[in-house]
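Q: The structure is given below, and queries will be raised subsequently.
The values are calculated or read from the model by the stated rules, or taken from the named source; none is laboratory data. Computed from a predicted model, the values in this text were never measured in an experiment. Glycine gets a Cβ as well: all are built from the backbone with ideal geometry, and neighbour counts include every protein chain shown. Accessible surface areas use protein heavy atoms only, side chains included; no ligands, DNA or RNA. Shrake-Rupley method; radii C 1.70, N 1.55, O 1.52, S 1.80 Å.
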Amino acid sequence: MSEVVKLERHDEVGIVTVNSPPVNALSAAVRGGILECIKAAVADPAIKGIVLTCAGRTFIAGADITEFGKPPKAPALNDVLSEIENSPKPVVAAIHGTALGGGLEVALACHFRVAVKEAKLGLPEVKLGLLPGAGGTQRLPRAVGPELAVKMIVGGDPIGAAEALKNGLIEEIVEGPASGGEAFVRKLLAEKRPLRRLRDDDSKLAAAKADRSIFTNAVAAMTKKSRGLEAPFAAADAVGYAIDFPFDEGLKKEREGFLKLVASDQSKAQRYAFFAEREAAKIAGVPEGTKSRPVNRVAILGAGTMGGGIAMSFANAGVPVTLIETGEEQLKRGLGIMQKNWEATAARGGIPADAPAKRMALITGVVGIENVGDADLVIEAVFETMAVKKEVFGKLDQFAKPGAVLASNTSYLNIDEIAKSTKRPQDVLGMHFFSPANVMKLCEIVRADKTAPDALVTAVTIARKIAKVPAVVGVCDGFVGNRMLAQRGKQSEKLLFEGALPQQVDAVVTKFGMPMGPFAMGDLAGLDIGWRSRKDRGIKSEIADALCEAGRFGQKTGKGYYKYEAGSRSALPDPEVEKLIDETLARLGRKKRAVSDEEILERMMYPMINEGAKILEEGIAARPSDIDVVWLYGYGWPIYRGGPMFWADTVGLKHIADRLSFYAKETNDPSLEPAPLLKKLAAEGKTFASLAAASKAA
Ligand code: 3H9
């Protein structure tokens, strides 16, 4: 008998329970166990109907992703599903938690489905660069119609039980789930209801068979944001097979599509990103069993763009916030912006109509830092200079409750230094959110010299609670993300002096898959900030300075590296900028040359990877995958390229080290010389991944 799947009999109802923590993924053992128990239930003359349910926190959350790319083990999931669907006795899936991917495919092979009201059902395979590979693209359209099926399969987001009920994906919302499933089976038996095998029911496909535009319009809407990705398009094709081919043929074609994607570089990168994100939540060097301190209320200092965005993130997750400003005016302004943002989202249908009021009610706006007293976590988002931060932390020492975690949202300042202004450095750390903070998922958690392990665990835990992706980093200028970005910034600027244009550089970067190039990003952030800071430090950057001297501060002045039409954020190349660059170069006696796209890509990416290698050597990041998480969730690195360190491994570290040495000489820039770690790995023919594997084994 299987260890992970059990069959019990309650009179005439057989209960098959999967129990394979943490998420009941469909490992070979679970597949084998389900097959064995279904066969046994079908063979048992005392059993008239069957419930398939799960123990623990969730229904089956999908195939076991760790098995992909390894030699397949019997039984295949499709064979298990055929056994379920062919059962002459009704099989009912009783769902709680999340029925995802292969989990929902199991449920779709059952004759009926019921779920508890909190359950979520979805086919998120596209998010792993895959398409559903066990009939999901064939059975879901038959259950809910092709339009919703496209939305769920191509978009990958799950739906709740109420929507599932409305669209015929489940029959009933139950309490239970096992007891609800059992009651439902008894009802079926009493009513002698015929079995519903989705494979044999084409009724919901009829409309799209007659008018294919129903399907193609849904696909067009869902693939709009899929630039560069393969899986959403392949998944859409697979739903099309349900409309165009008989079930068995559609299933075969779906399988072919799935196998192709499993072997693709994109899916490998996306599966890597899935585990990298979860790995990042495990803090290196913290004693096992270290518990988070309770966080029932958060205080945020500063209701500006960052403070407001951070406050919104907490309120979105239901955490009460005390929002603190220095004056009524600033507070009113900050609260007003938050309310407007939520109302705009509600108007677009992104959140329920009553959500803005509910979320605003979680935020208490007050004037004066002395009001931090009842907060378990204080996040400072005030002006970005060391003197101001020190003053604020000194006051926090006086007013914050003992044991409260004291976090700075600084994007580059030294947290060790900030911690010195308190008598409780063990409670101080960085929580670096990214702008816009209510949207961007990354939170760099900065561990200072004296940060206590439980303070760190608290920050990571609360970050996950508010749906951020935490990555623990050490203290250095710019931490992981901005420190690497600075290398790219330096090269992008140098490229202009050698003959490249902003639009050429940006085009190479966006073609690679980044949402924006460095110059469009500069225009968005405002060029005057860097200009003022350069002036203060007596540094020159002739092209950027010339732009600012001409009043070109970026989007806010309608002109920067690009020009912008009134009310538009589209960056338009501007001949005036080209002229200004030419004049600057002539003045400096610089000669222009043709710079190839290949060189641009290498000089944008390789210096960042080189910096990443230094970050690893210095222990600022514990794992290469933590660096990748920073880039995936803080800077929009294309998920199908896994992150800079993952991508570097696919390019080959020897090639990268060689090219860096070449550019160091060619452009007379010793900072481009490969870092010792990169050199070593390149010489040994190794990858960054080999470092992660070695540290896991240790
Ligand atoms: C698929 O089904 C293909 C089929 O169509 C075709 C087959 C032929 N496998 O996220 P958490 C681990 S593709 C292996 O922290 P939560 C996870 O790594 C799959 N492991 O919990 C972590 O391990 P650790 C389609 C998995 O409560 C632990 O479980 N399904 C899997 O925040 C806890 O995870 C999906 O894409 C898995 N499938 O969220 C769903 N799932 O503790 C993927 C999780 O060692 N999963 N683990 O770090 C999720 O979205 C979330 O895990 C879930 C729970 C919402 C279920």
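Q: Semi-axes of the equivalent ellipsoid for the chain, please: Cα gyration tensor eigenvalues, times 5, square-rooted, ordered largest first, whole Å. Numbers along the way, then the final one.
A: Working: eigenvalues 471, 191, 129 Å².
One finds semi-axes of 49, 31, 25 Å for the chain.
Q: Might you report the magnitude of the Cβ-based charge dipole of the chain about its Cα centre, with Lys and Arg at +1 and Asp and Glu at -1, to the nearest 20 debye? Display every interim value, and only then the final one.
A: Working: 92 positive and 86 negative charges, 37 e Å.
Taking the Cα centre of the chain as origin, the dipole is about 180 debye.
Q: A follow-up question, please. Report ³J(HN,Hα) in whole Hz for each residue of region 151-167, in order, from the Karplus equation J = 6.51 cos²θ - 1.76 cosθ + 1.60 where θ = phi - 60°; Gly and Pro get x.
A: 3J(HN,Hα) across region 151-167, in whole Hz: 4, 6, 7, 7, x, x, 8, x, 10, x, 4, 4, 5, 4, 5, 4, 9.
Q: Hey, another quick one. Using only Cα atoms, figure out Rg for region 153-292 and give it as a multiple of 2.2 N^0.38 Å.
A: Working: Rg = 20.7 Å, N = 140, 2.2 N^0.38 = 14.4 Å.
Normalised Rg, Cα atoms only: 1.44.
Q: Another one. Please list, in chain and number order, the residues 5+ apart from residue 380 or on another chain whose amide H is under 5 Å from its amide H, with Hs placed from the backbone.
A: The list, which skips near neighbours in sequence, is 301, 407, 408, 409.
Q: At 37 °C and 0.692 mPa s, what whole-number value in µm²/s does Stokes-Einstein give for the translational diffusion of region 605-698, with Rh from the Kirkwood sum over Cα pairs? Please list the in-between numbers first.
A: Working: Rh = 13.3 Å.
Estimated diffusion coefficient is 246 µm²/s.
Q: Regarding region 524-636, what whole-number volume in Å³ per residue does the convex hull of its Cα atoms give? Numbers along the way, then the final one.
A: Values: hull volume 18.3 nm³, N = 113.
Convex hull volume per residue, Cα atoms: 162 Å³.
Q: Where in region 577-593 does the amide nitrogen come within less than 13 Å of the point 7 Å from the Cα of residue 550, taken along Cα to Cβ?
A: 577-586
Q: Next up: Please arrange 252, 395, 591 by accessible surface area, largest first, computed with a 1.4 Å probe and ligands excluded.
A: Details: 252 130, 395 80, 591 180 Å².
Ranked list, largest accessible area first: 591, 252, 395.
Q: Can you tell which of 308, 220, 235 lies farthest toward the positive end of the dipole of the chain, using +1 and -1 charges on the Cβ of basic and acidic side chains (Lys, Arg; Asp, Glu)?
A: Working it through, the farthest residue towards the positive pole turns out to be 308.
Q: Expressed as a rounded percentage, what relative contact order does region 1-47 have, with Cα pairs under 8 Å and six or more residues apart?
A: Values: 55 pairs, mean separation 20.7, N = 47.
Rounded, it is 44 percent for region 1-47.
Q: Ordered by packing density, taken as the mean number of other Cβ atoms within 10 Å over each peptide's residues, highest first, how do 416-427, 125-136 rank? It would help to have the intermediate numbers written out before the result.
A: Values: 416-427: 19.0, 125-136: 27.4.
Order by mean packing, descending: 125-136, 416-427.
Q: At a probe size of 1.4 Å, how large is the accessible area of residue 477, to the nearest 10 Å²?
A: 110
Q: Something else about it: Tell me, what is a quarter of the convex hull surface for the C-alpha atoms of region 122-169, in nm² with one decimal? Please list the in-between numbers first.
A: Details: hull surface 11.5 nm².
Across all orientations, region 122-169 yields a mean hull projection of 2.9 nm².
Q: At 1.567 mPa s and 4 °C, plugging the Kirkwood radius over alpha-carbon pairs of region 5-262 into Stokes-Einstein gives what diffusion coefficient in µm²/s? Numbers along the way, then the final one.
A: Details: Rh = 18.0 Å.
For these conditions, the coefficient is 72 µm²/s.
Q: Dividing the alpha-carbon radius of gyration of region 1-135 by 2.2 N^0.38 Å (N being the number of residues), what value is obtained? Each step should come with its number before you reach the end.
A: Numbers: Rg = 13.8 Å, N = 135, 2.2 N^0.38 = 14.2 Å.
Relative to the rule-of-thumb radius for its length, region 1-135 sits at 0.97.
Q: Right, next: Whole-Hz Karplus ³J(HN,Hα) for region 450-463, in order, using 6.51 cos²θ - 1.76 cosθ + 1.60 and θ = phi - 60°, x for Gly and Pro?
A: 9, 4, 6, x, 6, 5, 5, 4, 4, 5, 5, 5, 5, 4
Q: Compare the peptides 597-604, 311-318, 331-338 by average per-residue count of other Cβ atoms within 10 angstrom and give them in order, highest first.
A: 311-318, 597-604, 331-338
Q: Taking a ≥ b ≥ c as the square roots of the Cα gyration tensor eigenvalues, with a/c under 1.5 meaning rounded and otherwise prolate when a/b beats b/c, else oblate, which class fits region 223-301? It would help to have the intermediate numbers written out before the result.
A: Working: a/c = 3.09, a/b = 2.47, b/c = 1.25.
In terms of gyration-tensor shape, prolate.
Q: Taking H as built 1.01 Å from N, whose amide H comes closer than 5 Å to the amide H of residue 563, not counting residues under 5 places away?
A: 572, 574
Q: Residue 647 accessible area, nearest 10 Å², 1.4 Å probe?
A: Here the residue's solvent-accessible area equals roughly 30 Å².
Q: Which percent, nearest 5, of DSSP beta bridges in region 298-479 are antiparallel? Mind dumping the intermediate values first?
A: Details: 4 of 30 bridges.
The antiparallel fraction comes to roughly 15 percent.
Q: Under unit Cβ charges (Lys, Arg +1; Asp, Glu -1), what dipole magnitude, rounded to 20 debye, does region 400-448 have relative to its Cα centre? Please report the intermediate quantities before stating the final value.
A: Numbers: 6 positive and 4 negative charges, 36 e Å.
Dipole of region 400-448, to the nearest 20 debye: 180 debye.
Q: Region 298-479: D in µm²/s via Stokes-Einstein (Kirkwood Rh, Cα pairs, 37 °C, 0.692 mPa s)? List each step's numbers first, then the result.
A: Working: Rh = 16.1 Å.
This corresponds to a translational diffusion coefficient of 204 µm²/s.
Q: Please report, in debye to the nearest 20, how large the charge dipole of region 597-697 is about its Cα centre when each Lys and Arg carries +1 at its beta carbon and each Asp and Glu carries -1 there. Mind dumping the intermediate values first?
A: Numbers: 11 positive and 15 negative charges, 79 e Å.
Dipole about the Cα centre, nearest 20: 380 debye.
Q: Here's another thing I want to ask about it. Which aspartates and glutamates have a Cα less than 16 Å from the Cα of residue 420, not counting those fewer than 8 places away in the same chain?
A: Here the aspartates and glutamates satisfying the reach criterion relative to residue 420 are 380, 391, 397, 449.
Q: I want the local charge near residue 20. Using Cβ-Cβ distances under 10 Å, sum +1 for each Lys or Arg and -1 for each Asp or Glu among the other residues.
A: Working: positive: none; negative: 3, 64.
Once positives and negatives cancel, what remains is -2.
Q: How would you order 282-294, 139-151 from highest to lowest mean count of nearby Cβ atoms within 10 Å?
A: Going by the mean number of other Cβ atoms within 10 Å, highest first, we get 139-151, 282-294.
Q: A follow-up question, please. Where both residues lie in the chain, what percent of DSSP beta bridges are antiparallel, nearest 5? All intermediate terms of the calculation are to be shown ahead of the outcome.
A: Working: 16 of 61 bridges.
Looking only at bridges with both residues in the chain, the antiparallel portion is about 25 percent.
Q: Could you rank 1, 440 by how accessible they are, 1.4 Å probe, largest area first? Provide the component values of the computation, followed by the final result.
A: Values: 1 145, 440 45 Å².
So, going from the largest accessible area down, we get 1, 440.
Q: Enumerate the amide H contacts of residue 637 below 5 Å, restricted to partners 5 or more residues apart or on another chain; note that Pro and chain-start residues carry no placed amide H.
A: Answer set, sorted by chain and number: 632.
Q: With every protein chain left in place and a probe of 1.4 Å, what is the accessible surface of residue 508, to the nearest 10 Å²?
A: Rounded to the nearest 10, that gives 20 Å².
Q: Round to the nearest 0.05 the FRET efficiency obtained for residue 286 and residue 212 when R0 = 41 Å and r is the Cβ-Cβ distance.
A: E between residue 286 and residue 212, to the nearest 0.05, is 0.15.
Q: In nm, give the distance between the simple-model label positions of residue 347 and residue 1, each being 7 Å from the Cα along the Cα-to-Cβ direction.
A: Those two pseudo-labels are separated by 6.2 nm.
Q: Tell me, what is the FRET efficiency for residue 252 and residue 224 to the nearest 0.05, using R0 = 25 angstrom and their Cβ-Cβ distance as r?
A: Details: r = 30 Å, r/R0 = 1.18.
Once the sixth-power term is evaluated, E becomes 0.25.
Q: Counting only heavy atoms of the protein chains, get the accessible area per residue of region 376-425 (1.4 Å probe) and round it to a whole Å² value.
A: Values: 2060 Å² over 50 residues.
Spelled out: the 1.4 Å probe surface of region 376-425, per residue, equals 41 Å².
Q: Additional query: What does the charge count around residue 672 come to, taking other residues whose C-beta lies under 13 Å from its C-beta (Lys +1, Arg +1, Asp -1, Glu -1)? Spell out each step's value before the answer.
A: Details: positive: 488, 490, 494, 603, 614, 659, 665, 679; negative: 599, 602, 611, 658, 666, 669, 673.
Taking every Cβ under 13 Å from that of residue 672, the sum is +1.
Q: Could you give each residue of region 544-550 its phi-based ³J(HN,Hα) in whole Hz, using Karplus coefficients 6.51, -1.76, 1.60 with θ = phi - 60°, and x for Gly or Pro?
A: 4, 5, 4, 4, 5, 4, 8
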